[in-house]
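Notes follow once the structure below has been shown.
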Amino acid sequence: QVQLVESGGGLVQAGGSLTLSCTDSGRTLENYVLGWFRQAPGKEREFVASISASGAARHIAASVKGRCTISRDNAKNTMYLQINSLKPEDAAVYYCVAGQKIGFSEADSFDYWGRGTQITVSS
């Protein structure tokens, strides 16, 4: 029943910043761990970041740590991912995910996946 919708992807110059959003138009996400995975052509899907239901705990992948901020506004039923200092290797399809399992960085911890939004980085 959870239907995740991502937005905010697009073409960004290297060194720039971008903010992605994820929401569900109907069902509340307040009881779900939320996060982001990404996949580039020819590469394996990889974890990017996640945030606990309350927003108190966050997990950030080493590849984006220091450049990435994940947050959520449960009143707006929306979760955000901000990436600064974008690099060409950040180019990928980014997927919003939601789950209620114990785990914050494993793909099988998340039962629901959005359709994805593309980030393209120009150099």
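The values are calculated or read from the model by the stated rules, or taken from the named source; none is laboratory data. What you see is a predicted model, and the numbers here were worked out from it, not measured in a lab. With ideal geometry, Cβ positions are generated from the backbone for all residues, glycine too; neighbour counts draw on all protein chains shown. For the accessible areas, the whole protein counts, side chains as well, though only heavy atoms, and no ligand, DNA or RNA atoms are used. Shrake-Rupley method; radii C 1.70, N 1.55, O 1.52, S 1.80 Å.
On the basis of being open to solvent by less than 30 Å² (accessible area, probe 1.4 Å) and in contact (Cβ under 8 Å) with a residue 12 or more places away in the chain, does N84 make the cut?
Judged against the criteria, N84 is not a match.
Looking only at residues in the stretch 90-118 that are among the polar types (S, T, N, Q) and in a strand (DSSP E or B), which one is nearest to L11 (Cα to Cα)? My answer is Q118.
Here the stretch 99-123 is the region considered, the condition is being farther than 27 Å from G16 by Cα and of a type in the set (G, A, S), and the residue that is surrounded by the most Cβ atoms within 10 Å (Cβ to Cβ) is G99.
Of all the residues in the stretch 20-31, those that are modelled with pLDDT of 95 or more, open to solvent by 10 Å² or more (accessible area, probe 1.4 Å) and not acidic (D, E) number 4.
Please verify whether the stretch 33-54 includes one or more residues that are out of contact with any helix residue (DSSP H, G or I) (no Cβ under 7 Å at 6 or more places or on another chain), exposed (fewer than 15 other Cβ atoms within 10 Å of the Cβ) and not in a loop (DSSP other than H, G, I, E, B). Within the stretch 33-54, one or more residues are out of contact with any helix residue (DSSP H, G or I) (no Cβ under 7 Å at 6 or more places or on another chain), exposed (fewer than 15 other Cβ atoms within 10 Å of the Cβ) and not in a loop (DSSP other than H, G, I, E, B).
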